[in-house]
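Here is the structure we will look at.
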Amino acid sequence: RAAAPNQEETQLGDVKHSDHGMIFSGPVPGLAGSSTRSELYAILCALQGPGGLHIASDSKAVVDFGSIMLRDIAAGIWPNNFNFSRINDGDLWAIFYNMVITRGHHSIRLSKVKGHAIPQHLAEGKTTPYLKQGNDSADAGATDGLLHRKNNAHAIALHFHSRQKQFQDLMKNI
């Protein structure tokens, strides 16, 4: 697959450069996927960048829990021994926690934006053209990420098909 002029291919996925910023798309690690896991993973990718970050997401669950964690860490009341294995996507939340501690809670801000906005939402003031464009771009990246997941599944299926054929050929010769 050839990269478009404004796109780079990496081992983990693709990075597209647009007027609205960079859009990373690729498969999300883990055995199971969900929109919440994908949103959280995208935030983890963004947190690897330098400087202060204001991250907007259309996932209320991620913004709410992440904001609570940021607030409690800032207040010094987040438990150091929190058991992330007891919550959904705890593996990723543990990484988020460690990144917040490393970067400093003051360098991260999370905001909820309207997802899948339509012209009516703009007219009602529920979003802005800037936020709509950003969320639409993120959704396009998510769609591209699904293609990576499908391509990986296809590659795995081809691998096992090939092994099955080798096994059949072996059995014919016995």
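The values are calculated or read from the model by the stated rules, or taken from the named source; none is laboratory data. These figures come from a predicted structure and were not determined experimentally. Glycine gets a Cβ as well: all are built from the backbone with ideal geometry, and neighbour counts include every protein chain shown. Accessible surface is based on the protein model in full, side chains and every heavy atom, while ligands, DNA and RNA are left aside. Shrake-Rupley method; radii C 1.70, N 1.55, O 1.52, S 1.80 Å.
Tabulated data for the structure shown
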item: In region 74-85, the residues that are open to solvent by less than 30 Å² (accessible area, probe 1.4 Å) and not in a loop (DSSP other than H, G, I, E, B); result: PHE84
item: Members of region 56-72 that are farther than 12 Å from HIS105 by Cβ and open to solvent by less than 20 Å² (accessible area, probe 1.4 Å); result: SER57, SER59, VAL62, VAL63
item: Any hit, region 76-90, residues being acidic (Asp, Glu) and over 22 Å from ASN135 (Cβ atoms); result: no
item: Residue within region 165-173 that is modelled with pLDDT of 65 or more, surrounded by 10 or more Cβ atoms within 10 Å (Cβ to Cβ), under 15 Å from the mean Cα position of the chain (by Cα) and not small (Gly, Ala, Ser) present; result: no
item: Selection count, region 96-113, where residues are more than 15 Å from THR36 (Cα to Cα) and open to solvent by 30 Å² or more (accessible area, probe 1.4 Å); result: 9
item: Some residue of region 138-146 being out of contact with any strand residue (DSSP E or B) (no Cβ under 7 Å at 6 or more places or on another chain), under 23 Å from SER59 (Cβ atoms) and at pLDDT below 65; result: yes
item: Region 119-132 residues that are within 16 Å of ILE55 (Cα to Cα) and free of Cβ contacts under 8 Å to residues at least 60 places away in the same chain, paired with ones that are in a loop (DSSP other than H, G, I, E, B) and open to solvent by 60 Å² or more (accessible area, probe 1.4 Å) (beta carbon under 7 Å, 6 or more apart); result: THR127/LYS114
item: Which numbered condition PRO5 fails, given (1) at pLDDT 90 or above; (2) assigned to a loop (DSSP other than H, G, I, E, B); (3) not hydrophobic (A, V, I, L, M, F, W, C); result: (1)
